[in-house]
Each structure stands twice: as structure tokens, then as C-alpha cells.
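A short reminder: the numbers here are calculations on the coordinates, not readings from a lab. If you're wondering where the values come from, they're calculated on a predicted model, not measured in any experiment. Quick reminder, even Gly has a Cβ in these numbers, built from the backbone with ideal geometry, and neighbours come from all protein chains shown.
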Amino acid sequence: MITSGRVALIAVVVVLIADFMDLLDATIVSVAAPAIMGELGASESAIQWTVAGYTLAMGAALITGGRLGDQFGRRRVFLGGLAGFGLMSVLCALAPNPELLIATRVLQGLAGGFMVPQVFGIIRSSLRPAARAKAFGAYGAVLSLASVAGPLLGGFLVDADLFGLGWRAIFWVNIPIVIIGLILGARYLPESEDGERSRLDVLGAVLGAATAVLVLLPLVQGEEWGRPWWGYAMMAASLVTGGLFLRRGRRVAARGDQPVFDPALLTVRTFSSGLAASTLFFGAVGSFFFLLSLYLQLGLGMSAWETGLAIVPYAAGAIVTSGIGVQFAGRAGRALLISGALVLAVSQAVFLVIVRADAHPGYWLLALPLFAGGLGLGLTAPSLINVILAGVPAKDAGSAGGVLTTVGQIGSAVGVAVLGGIFFAGVDDALAAGRAVADGYAEAFAAILPWQIGFYALAAALMLLLPAPGPRG
């Protein structure tokens, strides 16, 4: 077990940097989409698949990837996933047409699905409780930073056109990170597993992947499809496959083997309540940045780079309070979670007042609620991760981390689908009524902010079900 010192620091840095890269890639393509469409001649549908294919593949692979790490070694699976992620990044950067770009993005998402869950498992199995809490706090800071760094870095790389690479630079930037991660990881990452070499539950893995796809596919692509009846049928079918997935897990566990996901984890109140709160919380966060980007670029006419700069105050606020969350999580864990969610709700209320008063607000007027929102995210994200995983047995850390991250993906997709539908309907109605473009997008953005406030408020209510003392590791 790693307890302190240079080796521990390097090990944590390696897994967190890799996780940051994955989180970055989940958002950075959205900023580069117009440039990709222009060079490759990609249709709107193809661009949606470039973004959605990564999310779908990631969601389908996370739980299985976590269990593979638990059984066969988290270091081994992490390094394999990192190498695959790097290879697919190269192929994405070299893609000559939309079809190959979509295919390599799907494979990149699969590689990320094997890599990401090991972060939780390596931290849980390698560090003592005090150091573990700090590592999860650092993870929360990474999460906070990555959520806003994607638009900023993507806008810079596309506008700067480094070495004439244009949008392809958003994939090439991964390569030095992957190389450094592989070198340091091979030398410093500890190997950890649960010690039980039971067979991989292939049927459970298939059912879990099918459930994730059946939920995410119509949510992400529903607007493009025109909300057909068979999209709703797919979501209904996910209830069946999800039930079979849980039933399969119980059967495998009953005979003494290791299921892909042990449904007994859902009986841990901290875990189940935390998952519900996470769904709402990250659904609000994910949809906010997606819709804010549309409002700033299509409504206010900002460039990709200007949009990234506008989000900097949010990142600054998140970085400030992430450190506070680490220091006080042990004494005020639940209070931090609730406070952060409520601060985010208030920040959205301030945003609502500003947008309704001025359809074209200036930078510094927007910076106020964005900075406040960042403060709320930094208070909640680090502690939320620690609280949810604190009651999970060490042998299930990887699979539980996979479920947690999958739920975050689903929550974000739900938020984008539901609030995105409201937003686009508002834009169409406003423009059809003869409103100016800026006014139309401002009205549409204002229409989704009360929903945002509701998401955060309900998440805060669910957080009341978590233990009153903060996580103790």
C-alpha cells in the first residue's frame, strides 16, 4: 500500500491527468464541430454522432471496465485503456472522412471506458484514508477544471490553427499526455485487484452495455431523429434489460462468483442516494455548459475562443472551493454538498435575472453568476465523490466507480435532452414571432434556468439522506 512520498504523488498525478484528458475529450469536440463540418463536409447528423458515439461507447464500457480492473489488475487495465485511448486519438486526428472519425471516436470512448473506472479503484486500494480523502478532493478539482477547460482549449486550438492542423490539434494534444502517462504509470502505479480470479460475467457485461445504449442513444440522438416512437420504445426496453442486468448480478453473486455489478451495492444508502443526487447534479451541470455555449455563440455572436474565455470565471471559482472542500469534508461533508448545490441554484437565479434584464449582457456581468456557480461546483463535486464511494467495499471500488461515472453520463444526457428540447423550442418560437436573434436566444436560455434551479434544489434535498458526519475514508 502506498502511504506517502514521491511515489504516491506520482501515482495519483498519473491517474488524474489521464482522467482529465478523458473528461476534456468529452466536451472539446463540440467547440470544434463547425470546423470539422467545413473540412470534412460532415452533416449535422455526422457531427452529432461524433459527439454522441464517444458518450455511448463510454457509457457502455464503464461498468465492465471497472469489474475487469477489480478482477485482473487495475494498473494493467488502466495502462491498456490509456494506450488504446492514445492510438484512437491518432486515428481521429488522421480521419479523412466523417465515417472514419465517427468509428474512431466510438473506439476512443471504449478505451476511456476501460481506463476511467481504474482511477477510483487505484486511489481506494493504494492510499490510506487521510491521503485517500485528499486524492478524491484532487479528483473533484480535476472534474471541476475539466468541465470548463474543454471549451477554452478547444476554442484556442481551433482558432490558433497550430502548425496548420486546425481542428485535428484537439486530438493530437492527447499524444504527449498519453506517452508521459504510460512511462510514469509503468514505473510508479501499484497493481491492485480484489484477489478473486472468477470468470468475467460476459452475459452481465452485455446486458449492462445494452441498457446503457438503450438509455443514452434516444436521449442523445432523439432531437436529430425527430423524437420517433421507436426512440421511446428503446427507453422502455432499457427497463427490461436493466432488470435482467440486476437479476443476473444477484444470481452470479449468489453462486459465489463476481458479477459485473453487485446489486447489493444499491442497498447501501450512501451509494444509492448519492447516485440519485449525482444524476440530477451532473444533469444540470452538463446541460448548462452545452446551452450556455449555444447562447453565447449563436445568440451573442461570440467565437469559440471568446466563449471559452467567458467560462473562465466558473473554472476559477471551482478551483478555489475544491481546496476548501478537501479541508473540511471530514467535518462537514453533507453540509458542503448541500451548500454547493444551493449556491449553484442561487447562481442560476442571478443568471436568470441578468438575462431577462439584458439580452446582450457584458462579460463582467456574466462573470458574477459564473464565478458563483464555480464556487458551488467546487464545494460539491469533491465531497460527493468521496461520500458515495466511502461505503463501498474495496473489492467493488472499480465497478462502483464505473457505475458512478455511467450515471453521470446518463444524467448529463438527460439534462441535455430535456433542457435542450425546451431551449430549441423556445428559440424557434421566438424567431418565428419576429424577435431579434439575440433576444430569441436570451428568452430560450432564460426558459431553461428555472429547470436548472429545480435540479440543484432537488439534488440538495437528496443529499439530506447522506450521513451527517462527512466521509471518513
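Extension gain for the segment V418 to E191, taken as residue separation times 0.36 nm less the Cα-Cα distance, is 77.6 nm to one decimal. What the Cβ-Cβ distance of L431 and V350 gives, at R0 = 30 Å and to the nearest 0.05, is a FRET efficiency of 0.70. Here the Karplus curve 6.51 cos²θ - 1.76 cosθ + 1.60, taken at θ = phi - 60°, turns the phi angles of segment 370-380 into couplings of 5, 4, 4, x, x, 4, x, 4, x, 6, 8 Hz, with x standing for Gly and Pro.
As a calculated quantity, the FRET efficiency between A236 and L365 at R0 = 30 Å, using C-beta atoms, amounts to about 0.10. Label separation (R269 vs A335): 2.0 nm, computed from points 7 Å beyond Cα along the C-beta direction.
Between M302 and Q297, the built amide H atoms are under 5 Å apart, and every one of these is 5 or more places off in sequence or on another chain.
Here the Karplus relation 6.51 cos²θ - 1.76 cosθ + 1.60, evaluated at θ = phi - 60°, turns the backbone of segment 349-364 into coupling constants of 5, 5, 4, 4, 4, 5, 5, 5, 7, 8, 5, 10, x, x, 4, 6 Hz, with x for every Gly and Pro. The peptide list 256-263, 11-18, put in order of mean Cβ contacts within 10 Å with the highest first, becomes 11-18, 256-263.
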